[in-house]
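Notes follow the structure.
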Number of protein chains: 2
Amino acid sequence: MCVACDYTIHRAKHNFGWNRDFAPALVAKPGATIQFECMDSSGGQIGANATLQDVIDLDFSKVNPVTGPVYVEGAEPGDALKITIREFTPSGVGWTANIPGFGLLADQFAEPALHVWKYDPASMAPSLFGPGGKVPLKPFAGTIGVAPAEPGLHSVVPPRRVGGNMDIRDLTSGVTLYLPVEVEGALFSIGDTHAAQGDGEVCGTAIESQMNVAATLELVKGANLASPRFTTPGPVSRHLDGAGYEATTGIGPDLMVATREAVMRMIDLLTAEHGYSAVDAYMLCSVCGDLRISEVVDLPNWVVSFYFPRIVFS
Amino acid sequence: MCVACDYTIHRAKHNFGWNRDFAPALVAKPGATIQFECMDSSGGQIGANATLQDVIDLDFSKVNPVTGPVYVEGAEPGDALKITIREFTPSGVGWTANIPGFGLLADQFAEPALHVWKYDPASMAPSLFGPGGKVPLKPFAGTIGVAPAEPGLHSVVPPRRVGGNMDIRDLTSGVTLYLPVEVEGALFSIGDTHAAQGDGEVCGTAIESQMNVAATLELVKGANLASPRFTTPGPVSRHLDGAGYEATTGIGPDLMVATREAVMRMIDLLTAEHGYSAVDAYMLCSVCGDLRISEVVDLPNWVVSFYFPRIVFS
């Protein structure tokens, strides 16, 4: 339980997608701190005892439920909603899957795959994966957003100007996020909690894990933000960086091609040097490896680098 | 001077571009440690007393000289050249410019601009920039490569499969870089030394600074690398991350558009909150801000984030 919270929104109060006409789960004044009971991104379809069949049978109309929405009194189009992320209460169970048709290398990984994680929600000690891997954990919410101005139901899958499924791995405890408000009351929702992820979320899933999130909602009047921004109070990579990195590169005139090549080469390295199957290496890259744009100015070729943390094997 | 070095290659031994037919400056056995006297990327055209006119008058046929090449005995196509970067001897002077026609936002920054940096090459303490900014330094070589197989002269500007002008900010002291060898002897050259840069090098220049570099060259026979890769022995961002980050985002279906938007929004933030002119903010972003791909799987929209280190203002 969250001792500093003014309200709790229970998991039954969730929606699939965004809609300015969804009824508020809560009407709150700016400054309220709220405990959100979030579901995992499968909406409970892939649990602690899941098998590959559960991935194959996944009902996509029930993925990525977001808890909410919260109507924030006084919020108007042009304001920013300031979200201070306070605390996560992780469940200790998670999953990572290769879902056919989804992911950066979907063309190369057509078969479903699943890994179910167990971790200690008290210590948040690194969680084991495959031959010798230990993945550091750092929980965050993959989907945080407000309702778009345009009427109707909008898919939860793509992130937008108003946030949503951004999967920014640094939206962790202590961070302040600013989202552009497009409708009265903002209509804030949150979900898709992750126990760990690398920049890129390359296989399409993180360590998907049910947890609760406490957050404070405030308003910045007339901020006129063009897109989300956030402030981190401290370092963002120290859970990963202690032993340095193995890095691979993609070099060429197209950022997406370079991105794919960098990841493909890391998968090759992990399979050759650590005995992972290709799909396990792909999922491992997704939960702890980072995509960085090393240079984007030396015409006509850009460099995208994929950083894999050596601490996983140390 | 480099006490552990077997050879020194003086700065007079440089070339503009890559060519398999360049005469070696040195023939060395694998395992040799070499001191490379590198020039700055202007080839001395922009020095400690430079003015904007020097940027306007820049002779592009004389940019980015690389010191070398070294013919490594026994190196054959299919091998990897393993470069262990040992030590930098910085000069204490550097420059950052907006060069018209060059840079991620060249369409928006048509006017030339220049900042000349002074720093203490012994302490490498952060260097001052504009109203209240202190930029942490971490030297590296922007251009490290071997000769391409294809005959003829190849421009030094774009990086390639064989390396070159990669501008990877983490190719610092202690790092091991592997490059695919395409010609007998590998023909290794290095230059374009930088006192600091962020991931992306968004304005097109870093803190361009003359320095010497010591490196050990070894061979990995038959490695058959597809593109450069590197190993860092420890963390890569701790000179930047102590006070956390301000981050802006670009969200949309095109990575390049999202990249440009993330940087534009950080320029807006730095001008609004810290009193920089737009072009100074752009140059500041280039020398210490990092481009990261936060997610590249949530169809059809990707998220690119630009991380600006708050330590610059703390």
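The values are calculated or read from the model by the stated rules, or taken from the named source; none is laboratory data. Everything numeric in this text was worked out from a predicted model, so none of it was measured. Counting neighbours? That spans all protein chains shown, and the Cβs are built from the backbone with ideal geometry, glycine included. The protein model used for the area step is the full one, side chains on, heavy atoms only, and it has no ligands, DNA or RNA in it. Shrake-Rupley method; radii C 1.70, N 1.55, O 1.52, S 1.80 Å.
Looking only at other chains, what is the average number of their beta-carbon atoms within 10 angstrom of each beta-carbon in A:233-239?
Mean number of neighbouring Cβ atoms from other chains: 5.
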Exercise for the section: Would you give the gap between the C-alpha center of the range B:1-45 and the C-alpha center of the range A:61-111, rounded to a whole Å? Expected result: 51 Å
Problem - Cysteines in chain B lacking a second Cys C-beta under 4.7 Å - result: B:Cys38, B:Cys203, B:Cys285, B:Cys288
Exercise for the section: Identify all aspartates and glutamates with a Cα-Cα distance to A:Lys134 below 12 Å; exclude those on the same chain that are fewer than 8 residues away in sequence. Expected result: none
Practice task
Work out the charge dipole of the protein assembly as shown with +1 on the Cβ of Lys and Arg and -1 on the Cβ of Asp and Glu about the Cα centre, then indicate which of A:Pro69, A:Cys2, B:Ser42 is farthest towards its positive end.
Solution key: A:Cys2
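With a 1.4 Å probe and every protein chain kept in, tell me what percent of the accessible surface of chain A is carbon plus sulfur. Don't skip to the answer; put the middle values down first.
Numbers: 5570 of 10390 Å².
Solvent-exposed carbon and sulfur of chain A make up 54 percent of the total.
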Handout entry: Dipole magnitude of the range A:174-247, debye to nearest 20 (Cβ charges: Lys/Arg +1, Asp/Glu -1, about Cα centre)
Key = 280 debye
Handout entry: Buried on assembly, the range A:279-303 (at least 40 Å² less accessible surface than by itself, 1.4 Å probe)
Key = A:Leu291, A:Arg292, A:Ile293, A:Ser294, A:Val296, A:Val297, A:Asp298, A:Leu299
Handout entry: Residue-count net charge about A:Glu246 - beta-carbon cut-off 11 Å; Lys, Arg +1, Asp, Glu -1
Key = +2
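So which GluC sites (Glu not before Pro) in the range A:229-314 are both in a DSSP loop and have at most 14 other Cβ atoms within 10 Å of their Cβ?
Values: sites: A:Glu246, A:Glu261, A:Glu273, A:Glu295; in loops: none.
Sparse-neighbourhood loop GluC sites (Glu not before Pro): none present.
With every protein chain left in place, what is the accessible area per residue of chain B in square angstrom, probe 1.4 Å?
Details: 10390 Å² over 314 residues.
Spelled out: the 1.4 Å probe surface of chain B, per residue, equals 33 Å².
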Exercise for the section: Only Lys, Arg, Asp and Glu count, each charged at its Cβ (+1, +1, -1, -1), so figure out the dipole size of the range A:7-231 about its Cα centre, rounded to 20 debye. Expected result: 480 debye
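With charges only on Cβ, +1 for K and R and -1 for D and E, what is the dipole size of the protein assembly as shown about its Cα centre, in debye, rounded to 20? Write down the numbers at each step before the final one.
Values: 40 positive and 68 negative charges, 211 e Å.
My answer is approximately 1020 debye.
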Exercise for the section: Under 26 Å Cα to Cα from B:Lys221, which lysines show up? Leave out anything in the same chain fewer than 8 places away. Expected result: B:Lys29, B:Lys82
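Roughly speaking, what is the stretch gain from B:Glu111 to B:Leu128, that is 0.36 nm per residue apart minus the C-alpha to C-alpha distance, in nm to one decimal? If you can, show how the numbers build up before the last one.
Values: separation 17, 0.36 × 17 = 6.12 nm, distance 2.29 nm.
That pair, B:Glu111 and B:Leu128, stretches by 3.8 nm at full extension.
Sequence gap at least 6, Cα distance under 8 Å: using those rules, report the relative contact order of chain B to the nearest whole percent. Don't skip to the answer; put the middle values down first.
Details: 851 pairs, mean separation 72.5, N = 314.
Reported relative contact order: 23 percent.
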Handout entry: Solvent exposure ordering (accessible area, 1.4 Å, most first) of B:Arg260, B:Arg292
Key = B:Arg260, B:Arg292
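How many Cβ atoms of partner chains, on average, are near each residue of B:240-253 if near means within 10 Å of its Cβ? Walk me through the numbers before you get to the answer.
On the way: counts 1, 7, 2, 4, 10, 9, 4, 11, 7, 11, 3, 11, 5, 1.
Mean partner shielding for this stretch: 6.
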Exercise for the section: Place the peptides A:103-115, A:195-207 in order of packing, highest mean first, counting for every residue the other Cβ atoms within 10 Å and averaging per peptide. Expected result: A:195-207, A:103-115
Completion exercise
For peptide A:52-58, the mean count of other chain Cβ atoms within 10 Å per residue Cβ is 0
Problem - Spatially proximal aspartates and glutamates relative to B:Lys138 (Cα-Cα < 15 Å; intrachain offsets below 8 disregarded) - result: B:Glu87, B:Asp120, B:Asp167, B:Asp170, B:Asp192, B:Asp199, B:Glu201, B:Glu208, B:Asp241, B:Asp290
